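Just below is one structure, and these are the notes that go with it.
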Amino acid sequence: MSDYVISCCSTADLTKEHFEKRNISYICFHYELNGKEYADDLGQAMPFDQFYKAMQDGASTKTSQVNADEFEEYFEGFLKEGKDVLHVCLSSGISGVINSANVAKADLEEKYPGRKILVVDSLGASSGYGLFMDKLADLRDEGKSIGEVHAWAEEHKLNLHHWFFSTDLTFYIRGGRISKASGFFGTMLNICPLLNMDDQGKLIPRFKIRTKKKVIRAIVDKMEEYAEGGLDYNGKCYISQSACIEDAREVARLVEERFPKLNGKVEINNIGTTIGSHTGPGTVALFFWGNKRTA
């Protein structure tokens, strides 16, 4: 039995069952739908299809991160059990949640001087962040100490690649990630932007690709370009999607076809309600291990 807890935010976008099976603890972000607050609890309070349908029907959404008091209560539960905590946060490039975690850490380390809280900025999001957590659980299960897992996390977090595309620009325009003019012409020309996460953990538009068929192939091409070992990649691959399961399945099919040494089948998850509040429906994200992200 390990003497520490591996923990993350619910924005790692794996299933409740996956987290429980791998013994990964998590704390929930929050969101509002038409002014009513919910926990971003992996689709337990509101099924994902219902959430995205509401967005498509014009519902307003708003998200809020975990605050310092919530982190303090959450962390203290583990400390009282005599366990240390390794908590990995959603990327600082898209959220300030790591600041809340560090405030709680500082307060609790004074109260529990014999215990340890280590906080890591994942520089990742959604199921890429989840794939990162899965690897940390592997290392823990191999018997590595909290210090060894923490050091590995800091050294390798930029080896996790995140590529996204969207077939619906509505919410990217609404959130200001794409200008109204660009969004209008993009929609008219059937452009699907291909984005990735840079070395600062920020989501960056990289390419404007016409038609869904071409962007699906392009995202798999990026995996071939950046994956560890290229076509001989033998790691795991995760996908997350927002109300476009058939597009995600087509990406998964192409990945499994092109990378025969893949570690198991591609795992498809839902983009959770926090990230999904900003992407809206129609986004597919692909995650894999590769060379370090440098820009």
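The values are calculated or read from the model by the stated rules, or taken from the named source; none is laboratory data. Remember, predicted model here, so these are calculated numbers, not experimental data. Don't worry about glycine lacking a Cβ; one is built from the backbone with ideal geometry, like all the others, and counts go over all protein chains shown. Only protein heavy atoms, including side chains, enter the accessible area calculation; ligands, DNA and RNA are left aside. Shrake-Rupley method; radii C 1.70, N 1.55, O 1.52, S 1.80 Å.
Report every pair of residues separated by at least 6 positions or lying on different chains whose Cβ atoms are under 6 Å apart, first residue within segment 188-207 and at positive phi, second charged (D, E, K, R) and modelled with pLDDT of 90 or more.
Close Cβ pairs (under 6 Å, with a partner that is charged (D, E, K, R) and modelled with pLDDT of 90 or more) amount to N190/R210.
It is to be established whether one or more residues within segment 269-281 are assigned to a strand (DSSP E or B) and open to solvent by 30 Å² or more (accessible area, probe 1.4 Å).
Let us first name the residues in segment 269-281 that are assigned to a strand (DSSP E or B), namely 269-270.
Restricting the remaining residues to those that are open to solvent by 30 Å² or more (accessible area, probe 1.4 Å) gives 270.
Yes, there is a match, as at least one residue in segment 269-281 is assigned to a strand (DSSP E or B) and open to solvent by 30 Å² or more (accessible area, probe 1.4 Å).
Within segment 5-55, track down each residue that is farther than 23 Å from S91 by Cβ and either at pLDDT below 95 or not charged (D, E, K, R) (or both).
N23, L33, N34, G35, Q44, A45, M46, P47, Q50, A54
Within segment 232-245, can you find the residues that are open to solvent by 50 Å² or more (accessible area, probe 1.4 Å), within 15 Å of V266 (Cβ to Cβ) and touching a residue at least 24 places away in the same chain (Cβ under 8 Å)? Full working, then the answer.
First pass over segment 232-245, keeping only residues open to solvent by 50 Å² or more (accessible area, probe 1.4 Å): 232, 234, 236, 243, 245.
Right, trim to within 15 Å of V266 (Cβ to Cβ) and you get 234, 236, 245.
Hits for segment 232-245 are N234, K236.
Name the single residue that is modelled with the lowest pLDDT among those in segment 180-220 being basic (K, R), in a helix (DSSP H, G or I) and farther than 20 Å from C237 by Cα. Give the steps one after another, and end with the answer.
Within segment 180-220, the first condition is being basic (K, R), and the residues that meet it are 180, 202, 206, 208, 210, 212-214, 217.
If we keep only those that are in a helix (DSSP H, G or I) too, we end up with 180, 212-214, 217.
Pick out the ones that are also farther than 20 Å from C237 by Cα and you get 180, 212-214.
Details: K180: 54, K212: 94, K213: 96, K214: 97.
Applying the filter and picking the extreme gives K180.
Does segment 87-100 include one or more residues that are over 22 Å from G201 (Cα atoms) and either surrounded by 18 or more Cβ atoms within 10 Å (Cβ to Cβ) or at pLDDT below 95 (or both)?
Taking segment 87-100 first, the residues over 22 Å from G201 (Cα atoms) are none.
Checked against the condition, which is being over 22 Å from G201 (Cα atoms) and either surrounded by 18 or more Cβ atoms within 10 Å (Cβ to Cβ) or at pLDDT below 95 (or both), segment 87-100 yields no hits at all.
When the residues of segment 61-77 are filtered to those that are open to solvent by 30 Å² or more (accessible area, probe 1.4 Å) and either among the β-branched types (V, I, T) or under 17 Å from V120 (Cβ atoms) (or both), which remaining residue is modelled with the highest pLDDT?
Y74
State all residues of segment 285-295 that are under 14 Å from A125 (Cβ atoms) and under 13 Å from the mean Cα position of the chain (by Cα); if no residue qualifies, say none. Walk me through how you get there before you give the answer.
First pass over segment 285-295, keeping only residues under 14 Å from A125 (Cβ atoms): 285-287, 293.
Listed by number, the residues that qualify are A285, L286, F287.
Buried (at least 22 other Cβ atoms within 10 Å of the Cβ), assigned to a loop (DSSP other than H, G, I, E, B) and modelled with pLDDT of 95 or more: does that describe L136?
Working: buried (at least 22 other Cβ atoms within 10 Å of the Cβ): yes; assigned to a loop (DSSP other than H, G, I, E, B): no; modelled with pLDDT of 95 or more: yes.
So L136 fails the test.
Scan segment 248-259 residue by residue and report those that are open to solvent by 20 Å² or more (accessible area, probe 1.4 Å) and touching a residue at least 12 places away in the same chain (Cβ under 8 Å). Steps first, answer last, please.
First, the residues of segment 248-259 that are open to solvent by 20 Å² or more (accessible area, probe 1.4 Å): 249-250, 253, 256-258.
R249, E250, R258 - these are the residues of segment 248-259 that are open to solvent by 20 Å² or more (accessible area, probe 1.4 Å) and touching a residue at least 12 places away in the same chain (Cβ under 8 Å).
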